[in-house]
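The values are calculated or read from the model by the stated rules, or taken from the named source; none is laboratory data. In this text the structure is predicted, and so the values were computed from the model without any measurement. Neighbour counts are summed over all protein chains in view; Cβ atoms, including those assigned to glycine, are modelled from backbone coordinates with ideal geometry.
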Amino acid sequence: MESSRVEIAYLKRFAKWSLILAVLSVILLFSMGVATAIGPMSIPFDKALKIILHQIPLIDNFVPVDWGSLEESVIVQLRLPRVLSAVVVGVALSIAGVAFQCLFRNPMADPYVLGVASGAGFGAALAMILRLGFSVFGAVYAIPLMASIGAISTVFLVYGIARTGTELPVLRLLLAGIAVSSFFSALISVMMALAGEDLHVVYMWLLGGFSLSRWEYLYVAVPTVIMGFIILYAFARDFNIILLGEEQAKQLGVEVEKVKKSVLIIASIITAVAVSISGIIGFIGLIVPHIMRILVGPDHRILLPSSALAGASILVLCDTVARSIIRPIALPTGIITTMLGCPFFIYLLKRSGKIRI
Amino acid sequence: MMKLKLFRDARPTKALGILTALTILAGLFAFRNAPVNAGFPVTVIDDLGRTVTIPNAPTRIVCVSPGVTEIVYALGLGDKVVGVDIYSDYPPEVISKRRIRDIYTPDPDEIAALNPDLVIIYSFFGPGDPNVENLERLGVPLIVTCPTSFDDVFRDILLIGNATGRRVEAGALTNTLKERVKRVRDLTCNVTKKPKVYFEIWYPPIYTVGPGSWPHHLIEIAGGINIFGNASTSWVNPVEEEVIVAKPDIIITIRGMPGYHETLETIKMRGAGWEEIPAIKNGKVYSLDESLVGRPGPRLVDGLEIMAGILHPELFNVAATWTLDLNTAELRFSTQKLTLQALVRADIEVLKAANNGSLVVSALLSGPEVPKTLKLVGKYLKIECGVPSGLVFTLKVYYSKSELNNLGVSEESLKIYYWSEERAEWLPLESIVNRDEGYVKAVVDHLTYFALMGEAQPNVLETPIPLWVVLIVVGVLSLICVVIYIAARKH
């Protein structure tokens, strides 16, 4: 009797979660479709879909070719990498946000809390100002490469500063993150003042956007983010327990320090990858976890995947708005995420009354 | 006593003498100063509608904008300039002047240190520019320019001319410039097919120009359509697809921006639909010097003429012509000189001529094909004469170092080449390079096409700092991490 009731509750929950994920997946696919079909060149939705299907091995033979090579290269070389980049960055920032908010037990935490953003910005500015390795990699690769190097170095720096013996106190991490982040921001400002006009690209880049997307970036980013997601998901139950407090978690047999270290590193690497593709996109990593917590509840087993899907959809849609709202000017995507996201978040905040972690 | 008396008598005479001499001297000084200070104090109204009174003819001018610097130099006031901004690089003489570091918010202290008696700035912000109030506190006459059209540039030239006592020169300069602009307008007003132009300032990501920018103005007047002419800002950063969909007939990239150098080859390599653009298919990719298309000064007209030549080569191959009437009588005792200033800077000095007649010099935008190993510096010159026999002249063509840098041409290899009709190839003339003044000189005794060319240097890597520096930076950063890690561990 008792066990069957548990079983029913479990099944109910399973059904509910499946439904949530299914709905979110449909929303994501729909957003991706819309984003791919919208652009300066008018390509009908069905044609865009056929072009995409044509790219997939095995299916390609069943799709008759009735489009020009220009349409194909616009869809395949320009729009798809952009949409997929938005998906990857959306997923990365959202799950990193969930992980950081949980570990710090702080609703203000976001993926950039450990100084990843300014570290990456510093790397990019350095690459730009010194033309580092432009001849070896080309400008297109040198900036993202230096940005991710900067981001990851910063995380290790913060980690090293905050660490006391084997412990990694949360408060120290936050403060070290703020200190290092401000320091690098100041360095970026100094470089901008020194270099003047040369750095408008870095400035654009700091605003965040997808105008530089290309397939080559995705080859690195997609596997990293997928791996990151799998590892973070493996910690989902530990996250739930850590929310009770570190002491309780320890008593319940969670190796808090170990979890903390692994998750910090993984989440920071994911963030670094996202930053190297798109620059610094605000709001997504901070507020998507909150929105999803309000909508699906605080259980990380559903919170992580649903945040990933929702973050990706929101970013894809925001990017579509950014590049098509005042053509021919493409706005930086980060502006749109903040402008559209914040009112929605405020609405949810007012309605739900209080905010939980 | 006698002596004393003599002295006494002499005194008034002597005093009178000295007085007379002084009067004459003073008169001489007054006479010398008269034309310089005539008309001063002068009151002018600048572009922001401010009334500015200049008490004396300025002798210490500070120019805070490359466009202003070029106007002031074009009025022959180069020796009165005591400071320019860091972006001013033309004419090459400005290199010796003191520099103002910030052009957006000029530092009053820096300007005051030069002790100027006239400051001319360009306002990026228009009316209400906070810089104006800041600089007015210096108590030095301040002229603010804020041009947005060709007419504004001409008005500014007159304004600066009035303020500096160069009214006549300014009038002559604006008239010539107006005529040149009018010539372009007249020729392009009836063109039926306007090419679509994509003007690129940066990639990646794309930066291009919209209405309100100088390149946009030039494209419009030169008879083209800016594909981003419908944008709402003067700087536009569209997605790449916008360019591909717009199918531009001509692509113009900017030259002289550090870190940006795009050519037909590099644009082709972008892939993703770029190779489908008509301009790329037809090889119509050009680059224009940043200083010719973005500075509201006299050379903007050069930029316009070159732009017109690119957009409508059928109408504009001859960009400018000059004529010199040869006079054999005069040549017996001296030489005759012709100075070319627009588009090409060159001097022609005729040494000998057998007959009277006229020497016609044209600057051409295209000419016989230049061999692959050489690069053209500036324009082609075609020199013609009704009766060319016995004609000998020296040809002096000026170049700028930045131009050579942009083209990747070494200074030593510069030579004036002539087009040999019989052999159908360019042949070098015995040329002397004057590196200090930046010209190449040769003696010519027959007439054809001439051009300044140099050997293309092997492409120098754009990176002043190579990969090993990246590795060192990464190494140092990781070392810091390790040190901190170990230090933290010991605690």
Condition first: closer than 16 Å to B:Ile219 by Cα and surrounded by fewer than 23 Cβ atoms within 10 Å (Cβ to Cβ). Can you find one or more residues in the stretch B:277-285 that meet it?
yes
With the condition being within 14 Å of chain B (Cβ to nearest Cβ), within 19 Å of the chain's Cα centre (by Cα) and small (Gly, Ala, Ser), I'd like the helices (runs of 4 or more DSSP H) fully within the stretch A:1-117 carrying at least 2 qualifying residues.
A:80-104
Hey, any hits in the stretch B:382-397 for a residue that's farther than 19 Å from B:Glu349 by Cα and of a type outside the set (Val, Ile, Thr)?
no
Residues that are within 13 Å of chain A (Cβ to nearest Cβ) and not hydroxyl-bearing (Ser, Thr, Tyr), at least 3 per element: which helices (runs of 4 or more DSSP H) completely within the stretch B:259-333 meet that?
B:278-281
Just checking, which of B:Val94, B:Val81 is crowded, with 17+ Cβ neighbours inside 10 Å, at pLDDT 90 or above and touching a helix residue (DSSP H, G or I) at 6+ places or on another chain (Cβ under 7 Å)?
B:Val81
A careful count of residues in the stretch B:219-244 that are surrounded by 19 or more Cβ atoms within 10 Å (Cβ to Cβ), at the interface with chain A (Cβ under 7 Å from one of its Cβ atoms) and either in a loop (DSSP other than H, G, I, E, B) or free of Cβ contacts under 8 Å to residues at least 12 places away in the same chain (or both) gives 5
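So that you can scan it fast, the table gives a plain yes or no per residue for (1) more than 30 Å from B:Val94 (Cβ to Cβ); (2) surrounded by 20 or more Cβ atoms within 10 Å (Cβ to Cβ); (3) out of contact with any Cys (no Cβ under 9 Å at 6 or more places or on another chain):
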site	(1), (2), (3)
B:Lys379	no, yes, yes
B:Leu391	yes, yes, no
B:Tyr399	no, yes, yes
B:Val409	no, yes, yes
B:Tyr417	no, yes, yes
B:Glu421	yes, no, yes
B:Arg435	no, no, yes
Of the residues in the stretch A:21-42, those that are more than 16 Å from A:Ala86 (Cα to Cα), surrounded by fewer than 19 Cβ atoms within 10 Å (Cβ to Cβ) and not hydroxyl-bearing (Ser, Thr, Tyr) come to A:Leu21, A:Ala22, A:Val23, A:Val26, A:Met41
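From the list B:Pro141, B:Pro116, which residue is over 23 Å from B:Ser213 (Cα atoms) and in contact with a Ser or Thr (Cβ under 8 Å, 6 or more places away or on another chain)?
Numbers: B:Pro116 fails: in contact with a Ser or Thr (Cβ under 8 Å, 6 or more places away or on another chain).
The conditions single out B:Pro141.
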Pairs where the first residue, in the stretch B:70-95, is in contact (Cβ under 8 Å) with a residue 40 or more places away in the chain and the second is assigned to a strand (DSSP E or B) and among the β-branched types (Val, Ile, Thr), C-beta under 9 Å, 6+ apart
B:Ile71/B:Ile120; B:Ile71/B:Thr145; B:Val72/B:Ile61; B:Val72/B:Val81; B:Val72/B:Val84; B:Val72/B:Ile120; B:Leu77/B:Ile61; B:Lys80/B:Ile61
Show the residue pairs that are 6+ apart or on different chains and have beta-carbon atoms under 9 Å apart, the first residue being within the stretch A:178-204 and on the phi < 0 side of the Ramachandran plot, the second being among the small types (Gly, Ala, Ser) and at pLDDT below 75.
A:Asp198/B:Gly259; A:Val201/A:Ala139; A:Val201/B:Gly259; A:Val202/A:Ala195
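Could you check, for the stretch A:241-254, whether at least one of its residues is at positive phi and in contact with a Ser or Thr (Cβ under 9 Å, 6 or more places away or on another chain)? Working first, answer last.
Quick first cut of the stretch A:241-254, residues at positive phi only: A:245, A:253.
Next, from what is left, pick out any that are in contact with a Ser or Thr (Cβ under 9 Å, 6 or more places away or on another chain): none.
No.
Only one residue in A:Ile226, A:Ile314, A:Ile294 is modelled with pLDDT under 90, within 18 Å of A:Leu21 (Cβ to Cβ) and of a type outside the set (Gly, Ala, Ser). Which one? Break it down stepwise before answering.
Working: A:Ile226 fails: modelled with pLDDT under 90; A:Ile314 fails: modelled with pLDDT under 90.
The unique qualifying residue is A:Ile294.
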I need the full set of residues from the stretch B:56-67 which are assigned to a loop (DSSP other than H, G, I, E, B) and without any contact (Cβ under 8 Å) to a residue 60 or more places away in the chain, in order please.
B:Thr59, B:Arg60
